[in-house]
1. How many residues does the stretch B:257-280 hold that are out of contact with any Ser or Thr (no Cβ under 9 Å at 6 or more places or on another chain) and surrounded by 21 or more Cβ atoms within 10 Å (Cβ to Cβ)?
2. If the requirement is being within 14 Å of chain A (Cβ to nearest Cβ), modelled with pLDDT of 90 or more and buried (at least 24 other Cβ atoms within 10 Å of the Cβ), which of these qualifies: C:Met98, C:Met122?
3. Give the residue, chosen from C:Arg296, C:Arg248, that is more than 12 Å from every other protein chain (Cβ to nearest Cβ), among the basic types (Lys, Arg) and surrounded by fewer than 24 Cβ atoms within 10 Å (Cβ to Cβ).
4. Which one is modelled with the highest pLDDT, of the residues in the stretch C:1-22 that are surrounded by fewer than 17 Cβ atoms within 10 Å (Cβ to Cβ) and of a type in the set (A, V, I, L, M, F, W, C)?
5. Search the stretch C:132-178 for residues being of a type in the set (Val, Ile, Thr) and either crowded, with 20+ Cβ neighbours inside 10 Å or facing another protein chain (nearest Cβ under 9 Å) (or both), and hand back the single one that is nearest to C:Pro246 (Cα to Cα).
6. In the stretch A:187-207, what residues are of a type in the set (Lys, Arg) and crowded, with 23+ Cβ neighbours inside 10 Å?
7. I need the full set of residues from the stretch C:40-67 which are within 14 Å of chain B (Cβ to nearest Cβ) and not in a helix (DSSP H, G or I), in order please.
8. For the stretch B:203-273, please list each of the strands (runs of 3 or more DSSP E) lying entirely inside it that holds at least 1 residues being touching a residue at least 40 places away in the same chain (Cβ under 8 Å), outside the structural domain of B:Thr94 (by TED's automatic domain parsing) and touching a Pro at 6+ places or on another chain (Cβ under 8 Å).
Amino acid sequence: MDLTAISPALLVASLMVAATPLLLAAIGELVVERAGVLNLGVEGMMITGAICGFAISVETGSPYIGLIAAALGGAALSLLFALLTQFALANQVASGLALTLFGLGFSALIGQGYVGLKPPSMGRLSIPGLSDLPFFGRVLFGHDPVLYFGLALTLATWIFLRFTRAGLVLRAVGENHDAAHALGYKVVRIRILAILFGGACAGLGGAYISLVRVPQWTEGMTAGIGWIALALVVFASWKPGGLLLGAYLFGGLTVLQLNLQAAGVAIPVEYLAMSPYLITIVVLVFLSSRRSLTPGSLGRIFHASN
Amino acid sequence: MKLTRRMLMAASAAAIGLATGATAQDKTKVGFVYVGPVGDGGWTYEHDQGRLAVEEEFGDAVETVYVESVPEGPDAERVMTQMALQGADLIFTTSFGYMDQTINVAAKFPDVKFEHATGYKRADNVSTYSARFYEGRAIQGHIAGNMTESNIIGYIGSYPIPEVIRGINSAYIHAKKVNPDVEFKIIWAYTWFDPAKEADAAKALIEQGADVILQHTDSTAPQAAAQEAGNVITFGQASDMSEYAPMPRVSSIIDNWAPYYVARTKAVIDGTWESVDTWDGISTGMVGIGEITDAVPAEVKAEALAMKEAIAAGEYHPFTGPLKKQDGSDWLAEGEVADDGTLLGMNFFVEGLTGEIPQ
Amino acid sequence: MLRLEKRAQPDRRLALASPVLAVLATIVAGGLLFAFLGKNPFIAIGTIFWEPLFGEFAFYYRPQLLVKGAPLILIAIGLSLGFRAGIWNIGAEGQYIMGALFGAGAGLAFYPAESPLIFPLMIVAGAFGGFLWAMIPAILKVRFGTNEILVSLMLVYVAEQFLASMSLGLLKNPEGFGFPGSRNLQQYASAHNAEIIAGTGMHWGVVFAFIAVIFAYALLNRHMLGFHIRLTGEAPRAARFAGVNPPRLILFCLGTSGALAGLAGMFEASGPAGVVSIDFNVGYGFTAIIVAFLGRLHPIGILLAGFLMALTYIGGEIAQSNLGLPAAAIQVFQGMLLFFLLAADLLTNFRIRRAVPEAA
C-alpha cells in the first residue's frame, strides 16, 4: 500500500473530467424536473448525443461541429418525449423508458460504420503562465473547453432559476401547473422548451464521453451514466450548486476507488460502487422530511381542462 | 396425456430430422451465438471476424448465421435451439456463460455439432476451445519489463477469474525476469467493457507513475488515455488496435479464431468432426502477436520474437519453475512446467505480486 | 384549430382498439425501417410475428413464449396494482434480483441434501426477498413522504452491485473453476424449477403468473381493496372520503409488486436460467413496466401484452439469424411499439374536437 503515489492535483483534475458528462446531463435534467417533468430517458439521449457527436466530428473533422450535432441529436430525441408527454399526455415514466430503449437501439444502428475510428482531438486549454502554476495550474487551467462550458452552464442555470423572471415562471410551472396556468403562463410551451434543453445537455454529455473522455465509439458506451445523472439531480435537491458538489462527489468516488486500488488498498469495490445510490436515498429521506424541495408537480400530467 | 406427449415429441423429432436432412444435401450451415454486439471492437468483433473468414474460405458451400447480444441464460438456450431447428450443422457458442445451455441443447440435437468457447464441459457432440492468452502475456511482460523506466506497470483486470489471473502472473514473471525492480499496480474494473471506466482506470495508473499499461478489458479507451499522457506504452487487447501504433500501442495480443473456425467447419463438411478439447496458443495462430513497432528497441524486439518462436515450437512454457506462490510456498520446482488443470483453475498470484485477489 | 377535450369516461371501445392501432402503426413504421436496412419488410415483419406462432417450428417457440412471457407478466401484474393507485414502483428489476438471490440462496444453503420441502421454501424466500426490497421505498414513503419512483430506481443499482458481490463471493460455485456464478440449480433436483409437463414450457413461474392474473382480476373487480386502489388512482380526494387508508395502500401495493417480482426472479434463477451470475438480470423489471402500460394496467391486457412482448423478442431473434437483421434494429422496433402505444392513449382519454372560434 502506498498512498503517497496518489497525486492530489492529478486526482482532482481527473475527477473533474469524470464528473463533466454527469454534470452536463444532470443540469439539463434539473431544469426539466424544475419545470415539473420527469424524463427518465437521459441514458437514451446521452447515447444518441454520443453517436451524433462522434459521427459528425469524424465526417467534418471538427469536434466543435460534432458537439453542436450532439446537442441537436439529444434535443431531437427529447422532442419525441415532449410530443408524447405534452401533447399526447402519455405517462412520463413509460415514455422516458421508451426513449432509453429507442435511443440505445437507434445509436447502435447509426454507429455501425464508426466502430474502431478515432475522432479529431479537441485539445486542452493552455494559458501561458497560469497553466504551469503548481497544483492550481493543472486543476484550474489545464482542461478541455467543454469542461469549462459545463461549469459555466451550471452557473448560468443557477442565475437563470434564481434571479430571472423566466426562471421564476419555470419554477412556478413545476411547483403547481394549475396555478401557473391560471396566472396565464403557457405551461406546455415552457415545459417543451425545458425538455429540449434537457435533451441538448444530455446529448452534449454523451458526446463528451465519445469525443473527449474515452474517445471512441462503441455500442452502449455510456454504460449507465445517464441513470447516475438522474440520481444526481435528486441528490442535489434540484439545486445547481448541489449538482456541482454531487457531480464531483459521484465522479470522485469512481476515480478515488480506482486510485486506491492502484495504490494497493484492498477495498470492497461493489460496496463502494453502491454507495452513491445509498447516499442519494439518505438525502432523499432527509429532503422529504424538510418538505417541499421536490417540485410539486413532478411527473404529473397537465391538461388545461383538469 | 402420455400419448399426446409422445406424439408431440415424435412430431418434433420428425421436424428436426426433416430440417437436418434437407440441409445435408446442400449447404453446411454454421451458427454463431455472440454475447456482445459485433461492433464492440473486441471479444465479439474478433469472433465475427472468424465467422467472416469461414464465409470467405468456403464461399457458397457454407451459410453462416449469427445472433448478437444474447444474454447468458434461457435466451441463449433458445437461440441455440432455434439455430439447430433451422438446420445448423455446427454452432459456435462464444461465451463462458453459455456452458450449461450448450450442453442442454446439444443433448437434444445429437446430430448437430457444438463448439463452446472457454468452457470445461464436453459431450459427444460438444467440443470446447480456448486460447492460451498467457503465452502472449509472457511476451508482453518481456517487452514491458524492458521498456519501463519508472519500473511501475499498470494492469487493468476485468474480473478476478482464473483467465485474468493467469495473464497477470505470466506478464509479471517475464517482466520480473528482465527487470527485478518491476512493480505491478492492478486495478479490477469489474466489467469487461465500460470505456469510460477503463479510461479512468488507465489515467489513475498513469498518474501513479505507471509508464506501461496492460489491459484485460476490451475497449481502446486505455490506449487513448496513454496517448494523451504521452510516454506511456500499451498493448492491443483482443483486437490489434493498430490505429494506436506505433505509440502508445507497441504490440498486441490478437484473438484469432479464424483458423480454428475454418478447420472445424471443414471437419464437419468432410464428416471427420470429433469432440475435442482445444487449448491452443501461439503455435496454431489462435493467439496472434501483433506487429512490434519501432518504439521498441531492436534487441528487445528480437528477444521478444525469439520467445515467440520458442513458445510456438513448444520449447518454452511461460510457467516453468522455479516458481513460488505469493505466500512464499513452493509451486513449481526447477524445470517443472505447470499442468493445465492448475492453470485452468488458477486462483493465486505468484511470488512478488502485491495485493490480494478480491474474493 | 384542433382542441383536446377530456372524456368523462375513457372510451371503452377505443381502449380496446388503440393497442391494435399501435401495433399496426409499428408494423408500418418498422417495415419502413427494415426496408431502409435493405431487408424485405414483409418477410421481416412476418418472421417476427408469424414464425414463432405458426411457422414450421412453432411447436418449440410456442412453449418458449410462456417461458419468456411469464416473468414479464408476473412482474407487470404486481406493478399495475400500484400504477393504478398512482404508486410508482419502477425498481422491479432490483426486487427481481433480490428474489433470485434469496431464493437461490435458500436452496443452495441445503446443497446437496434432497427434500421436497426445499423448493417451497425457496418460493417463500424469493417472494420475501423481493418484498423486503420493495418495503424500503414503501416505508420511506409512508414514514417520510419520500418519492418512491426515485428510491425504488436507486435500489436497482444497489441490488446489481449486491448481485455482483454475491456471485463473486458467497454464492460462487466452489467447483466452477473460479468463474463468477452459482451452482446450477437445474442439476440440483430439490431446487430445480423444472417443467411440470416436459416440452410445454410450463414451469411453476408460468403457473404463478396465471394465478396472479386471476388474483388481480378478482381483486380489482370483486374486492373492496381493489375498489380502493382504483378510486385512489382516479379520484384521490374522493378516496379519502371513502375511507381509504393511504399508508396501508402504499404498503400493500409496493409489497405485492415486490413479492411478485421476487418470485419471478426466483423462478427464473431456479428454472430457465439455472444459475445466478453477475449478468443474471436482463431487464425484465424494466420491460415489465412497458408490459404493464401496453396492457393498459388491466390483468387480461397484461397477459396479452406479456405474450406480445415475448413474441417480439423471440421473433426478433429469428429475424436476426434468418435475415441478418442487427439486434439494434429489433430494439428500435420495440421502442417504436411503445411510442405508438403511448401516443394512442390519447384517443381513449381525450376527444379531438375542432375548436370553435370564441367570439363567433
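1. 2
2. Values: C:Met122 fails: within 14 Å of chain A (Cβ to nearest Cβ).
Answer to the check: C:Met98.
3. Working: C:Arg296 fails: more than 12 Å from every other protein chain (Cβ to nearest Cβ).
Going through C:Arg296, C:Arg248 in turn, the sole match is C:Arg248.
4. C:Leu21
5. The first filter runs over the stretch C:132-178 and keeps only residues of a type in the set (Val, Ile, Thr), leaving C:136, C:139, C:142, C:146, C:149, C:151, C:156, C:158.
Restricting the remaining residues to those that are either crowded, with 20+ Cβ neighbours inside 10 Å or facing another protein chain (nearest Cβ under 9 Å) (or both) gives C:136, C:146, C:149, C:151, C:156, C:158.
Values: C:Ile136: 17, C:Thr146: 14, C:Ile149: 17, C:Val151: 18, C:Val156: 25, C:Val158: 27 Å.
Among those that are of a type in the set (Val, Ile, Thr) and either crowded, with 20+ Cβ neighbours inside 10 Å or facing another protein chain (nearest Cβ under 9 Å) (or both), it is C:Thr146.
6. Pass one, the stretch A:187-207, residues of a type in the set (Lys, Arg): A:189, A:191.
Listed by number, the list holds a single entry, A:Arg191.
7. Scanning the stretch C:40-67 gives C:Gly55, C:Glu56, C:Phe57.
8. Per the criteria, B:212-215, B:233-238.
The values are calculated or read from the model by the stated rules, or taken from the named source; none is laboratory data. The structure displayed is predicted, hence computed values, not measured ones. Neighbour counts are summed over all protein chains in view; Cβ atoms, including those assigned to glycine, are modelled from backbone coordinates with ideal geometry.
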